[in-house]
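Notes for the one structure printed next.
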Amino acid sequence: MPLSRVIPLKRAAHAYLVQDGHLLLVTERMDDGSIFWGLPGGKARDGESLADAAIRQVKEETGLDLYDLEFVSLLEGEMLSMTKHAHYANFARFTGKFRGELRPMDPEVLSAEWIPFEQVMQLVRFGPPPECEERNPLIWVPTQDFLSGKSKAYYPI
């Protein structure tokens with residue numbers, strides 16, 4: 001029996017794509033109608049490595065081809081304990097080279113935009129479960145560290 005049938009497990013990968021002091025973020029509309037700013041990336045498929053998930057998700061969400069990946073950090077631990085959305089999470093963050101033109105292909109992505117480093121954290125908002133999985137303050141701590149050049153390899157959740 002797959003582990004995810006025994007313990008709810010969420011595996012996801014995101015990418016820090018940097019160009020001239022700007023970080024690439026994508027926007028999505030949440031169920032409550034609000035706009036969520038996030039890193040390009042998302043859930044890994046069964047049997048897919050986190051690196052391959054980052055490459056696929058970046059392509060789908062931005063139209064860019066990501067290559068020469070470099071591992072940045074791993075967030076790992078239990079999230080949303082004692083709720084119906086409780087799960088164990090492995091979130092990998094990568095950076096790398098990219099080519100192509102911004103053309104989001106994922107219907108859930110409204111846009112992909114280059115945001116100046118100093119404005120990124122101003123766009124972060126937090127919401128109730130299950131949205132807080134991605135809007136969780138801890139999820140953004142590694143991004144804040146990355147932008148300041150102080151990234152750690154491991155972040156326990």
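The values are calculated or read from the model by the stated rules, or taken from the named source; none is laboratory data. What you are looking at is a predicted structure, and each value in this text was computed from that prediction instead of being measured. Every residue, glycine among them, receives a Cβ derived from its backbone with ideal geometry; neighbour counts consider all protein chains shown. Ligands, DNA and RNA are stripped out before the accessible areas are found, and what is left, the full protein with its side chains, is counted by its heavy atoms. Shrake-Rupley method; radii C 1.70, N 1.55, O 1.52, S 1.80 Å.
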For the chain, dividing by residue count, accessible area per residue (probe 1.4 Å) in Å² works out to 54
For the full complex of protein chains and a 1.4 angstrom probe, list THR95, THR62 by accessible area with the highest value first. THR95, THR62
What accessible area, in Å² to the nearest ten, does a 1.4 Å probe give for ARG29? 140
Select from LEU110, LEU80, GLY33 the residue farthest towards the positive end of the dipole of the chain; place +1 on Cβ of Lys and Arg, -1 on Cβ of Asp and Glu, and compute about the Cα centre. LEU80
Taking R0 as 25 Å, what's the FRET efficiency between LYS10 and SER34 from their Cβ-Cβ distance, rounded to 0.05? 0.70
Electrostatic dipole magnitude of the range 27-101 [Cβ: Lys, Arg +1; Asp, Glu -1; Cα centre; debye, to 20]: 20
From the backbone phi of the range 79-92, what are the Karplus-calculated ³J(HN,Hα) couplings (6.51 cos²θ - 1.76 cosθ + 1.60, θ = phi - 60°) in whole Hz, Gly and Pro given as x? 10, 6, 3, 6, 10, 5, 9, 4, 6, 9, 10, 10, 10, 9
With every protein chain in place, the chain: carbon and sulfur % of accessible area (1.4 Å): 53
Tell me which residues come under 5 Å, amide H to amide H, from GLY63 once H is placed; ignore anything under 5 positions away on its chain. ARG103, MET105
With every protein chain left in place and a probe of 1.4 Å, what is the accessible surface of LYS59, to the nearest 10 Å²? 70
If the limit is 25 Å between Cα atoms, which of LYS10/LYS59; LYS10/LYS84; LYS84/LYS150 go over it? LYS84/LYS150
Among (i) 14.9, 47; (ii) 17.0, 61; (iii) 28.7, 105, which one is Rg and Dmax of the Cα atoms in Å computed from these coordinates? (i)
For the chain, what is the charge dipole size about the Cα centre, in debye to the nearest 20, if Lys and Arg each add +1 at the Cβ and Asp and Glu each add -1 at the Cβ? 340
With DNA, RNA and ligands ignored, accessible area of HIS14 (1.4 Å probe; Å², nearest 10): 10
Rounded tilt (10° steps) of 50-62 against the dominant C-alpha axis of the chain: 50
Go ahead and estimate [θ] at 222 nm for the chain from helices alone: -39,500 (n - 2.57) per DSSP H run with n ≥ 4, summed, over the residue count, rounded to 500. -6000 deg cm²/dmol
Give a residue-ordered list of calculated ³J(HN,Hα) values for the range 143-149 (Karplus: 6.51 cos²θ - 1.76 cosθ + 1.60, θ = phi - 60°; whole Hz; x for Gly, Pro). 5, 4, 4, 4, 5, 8, x
